[in-house]
Amino acid sequence: MFAHIDEVHPDDQPIVDAVERFALDVLRPVGRTLDAMADPAQVVADDSPLWDVVARYRELGVDPSELSDSGLPADRVARLQATVAERLGWGDAGLAISLEVSTFPRMLARLSGNPALMERFDRPGLIGCWAITEPDHGSDVLMYADHLQDMPGRPNCVARRDGDDWIIRGQKAAWVSNGTIAKSAALFCWVEPGSGPAGMGAFLVDLDDPAVQRGKPLDKLGQRSLNQGELFFDDLRVSAEHLVFPPMPGAGGMVLALANSSMGVTFSGVARAACEAAFEYTQQRQQGGGPIIRHQNVRGQLFSMFRRVEAARALSRHVMITNATAGPQVAASIASKVTATQTAFEVASDALGLFGGNGLSREYPIEKLLRDARASMIEDGSNDVLGLIAMDHLTASP
């Protein structure tokens, strides 16, 4: 096994060890089981092993909200959160994202400072989701989140003011993570002009309301263990306090930094998993009179993979800590996400080459890692579009 670099406080090592055991013994085998299911509805069926994963993760007490309650310094908490997220991604990318996104409504409730919302939505084990993309708007939603007036095309999900309430109508796309199983949502939708400042607002909504309908679980190439599906809102009525963040400049960037930095640490874990799988396989595979790791070209490839993985891990950890101590860093968070997901895909592809023909077989883990990594380059913003957003921030006037 490669000697990967870790920066864990000695008192936090038991937590990291417990998460690593959970990732290895629970996430990895269950992720492979769920990935092999032909029908994505099976992944969320009552008898699915997914629910055991959710229950056992809850017992660990390591979701971001709970770690934030530890009373530790912000940089130490952020380092621990990054390490935990990396280990979860190392176990299984789809399940890691499901578990991480599930806490978004909890975090939004805490940011609101509203006791009623916190009592309702800030509850351990309450499965949540982040609903932002729409049928006609994908990565462009992220680009125009702070200024609706420049948004090309009509939004698919709109909130309008009705007295003291908001009425939400429309649809969120099939890419809502946990969309068909979540009980609550951090819903980002357009505020109708005339109801206040134009732009995207952040709402907390109860998805068990009869005015909410769900689509079928999405059938995908990768991250098949991650449930995703559409949400439909048929005049959902919520009180005014459920609008946690009204449209305001910078709100979209703050959310994007949070999401992208999380993706960075998660997929640096996927990159690490692919690198380690290749290292282990090359020690076992016999060609040319011995294990192929003895061949110079193989050793050179393994070092190249290790180098890129460690660079992605270092960047993603640094960005998580900086976001927690100096405020959201949009361009750096995007750099973390793009670097980690690109590295995960490239390292998984190189690893598959070292596996040779066996890499194409589902008997071995590497083809799944490659599919999971490829999906990451599109989700939470396509890497190409994210680069344009980052440049807007880097070149903006002070």
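The values are calculated or read from the model by the stated rules, or taken from the named source; none is laboratory data. Note that the structure is a prediction, hence the values are computed from the model and not measured. No Cβ is skipped: glycine too gets one built from the backbone with ideal geometry, and neighbour counts run over all protein chains shown. Ligands, DNA and RNA are stripped out before the accessible areas are found, and what is left, the full protein with its side chains, is counted by its heavy atoms. Shrake-Rupley method; radii C 1.70, N 1.55, O 1.52, S 1.80 Å.
When you scan the range 281-290, do you find a residue that is part of a strand (DSSP E or B), of a type outside the set (Val, Ile, Thr), in contact with a Lys or Arg (Cβ under 7 Å, 6 or more places away or on another chain) and over 22 Å from Ala344 (Cβ atoms), even just one? Looking for residues that are part of a strand (DSSP E or B), of a type outside the set (Val, Ile, Thr), in contact with a Lys or Arg (Cβ under 7 Å, 6 or more places away or on another chain) and over 22 Å from Ala344 (Cβ atoms), one finds none in the range 281-290, hence no. Given the condition at pLDDT 90 or above, crowded, with 18+ Cβ neighbours inside 10 Å and more than 22 Å from the chain's Cα centre (by Cα), answer yes or no: does some residue in the range 117-140 qualify? The answer is yes; a qualifying residue exists. Of all residues in the range 3-25, those being part of a loop (DSSP other than H, G, I, E, B) and among the acidic types (Asp, Glu) number 2. Just one of the listed residues (Gly89, Gly71) is part of a loop (DSSP other than H, G, I, E, B) and over 26 Å from Arg214 (Cα atoms), and it is Gly71.
Annotation note: of Val158, Val212, Val265, Val205, the sole residue that is buried (at least 19 other Cβ atoms within 10 Å of the Cβ) and either among the basic types (Lys, Arg) or farther than 30 Å from His4 by Cβ (or both) is Val205. Only one of these conditions is not met by Arg237: (1) surrounded by fewer than 21 Cβ atoms within 10 Å (Cβ to Cβ); (2) out of contact with any Cys (no Cβ under 7 Å at 6 or more places or on another chain); (3) at pLDDT 95 or above; (4) closer than 25 Å to Leu369 by Cβ. Which number is it? Arg237 satisfies every listed condition except (4). Note on the range 177-196: among residues that are out of contact with any helix residue (DSSP H, G or I) (no Cβ under 9 Å at 6 or more places or on another chain) and part of a loop (DSSP other than H, G, I, E, B), the one that is surrounded by the fewest Cβ atoms within 10 Å (Cβ to Cβ) is Gly194.
Being open to solvent by less than 30 Å² (accessible area, probe 1.4 Å) and aliphatic (A, V, I, L, M) is the filter here, so list the residues in the range 19-34 that pass it. Outline the logic, then answer.
Taking the range 19-34 and keeping what is open to solvent by less than 30 Å² (accessible area, probe 1.4 Å), we get 19, 22-23, 26-27, 30-31, 34.
Within the range 19-34, Val19, Ala23, Val26, Leu27, Val30, Leu34 qualify.
If you go through the range 164-173 and keep only what is within 13 Å of His137 (Cβ to Cβ) and assigned to a loop (DSSP other than H, G, I, E, B), you end up with just Ala173.
Each residue in the range 38-50 was checked for being surrounded by fewer than 16 Cβ atoms within 10 Å (Cβ to Cβ) and either part of a helix (DSSP H, G or I) or in contact with a Lys or Arg (Cβ under 7 Å, 6 or more places away or on another chain) (or both), and 2 pass. Filtered by the rule that a residue be in contact (Cβ under 8 Å) with a residue 40 or more places away in the chain and not hydrophobic (A, V, I, L, M, F, W, C), the range 40-60 gives Pro40, Tyr57, Arg58.
Note on the range 193-217: residues that are closer than 30 Å to Arg32 by Cβ and either in contact with a Leu (Cβ under 9 Å, 6 or more places away or on another chain) or at pLDDT below 95 (or both) total 3. The helices (runs of 4 or more DSSP H) located wholly in the range 324-398 that include 3 or more residues which are among the basic types (Lys, Arg) and either more than 20 Å from Leu95 (Cα to Cα) or out of contact with any strand residue (DSSP E or B) (no Cβ under 7 Å at 6 or more places or on another chain) (or both) occupy 366-376.
Per-residue answers, yes or no, for (1) at pLDDT below 95; (2) open to solvent by 40 Å² or more (accessible area, probe 1.4 Å); (3) more than 18 Å from the chain's Cα centre (by Cα):
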{"residue": "Asp6", "(1), (2), (3)": "yes, yes, yes"}
{"residue": "His9", "(1), (2), (3)": "yes, yes, yes"}
{"residue": "Ala36", "(1), (2), (3)": "no, yes, yes"}
{"residue": "Asp52", "(1), (2), (3)": "no, yes, yes"}
{"residue": "Asp69", "(1), (2), (3)": "yes, yes, yes"}
{"residue": "Glu86", "(1), (2), (3)": "no, no, no"}
{"residue": "Leu95", "(1), (2), (3)": "no, no, no"}
{"residue": "Ser98", "(1), (2), (3)": "no, no, no"}
{"residue": "Val101", "(1), (2), (3)": "no, no, no"}
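Rundown of residues vs (1) modelled with pLDDT under 95; (2) not hydrophobic (A, V, I, L, M, F, W, C), yes/no style:
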site	(1), (2)
Ala326	no, no
Lys337	no, yes
Ala340	no, no
Ser349	no, yes
Phe355	no, no
Pro365	no, yes
Ser376	no, yes
Val385	yes, no
Leu388	yes, no
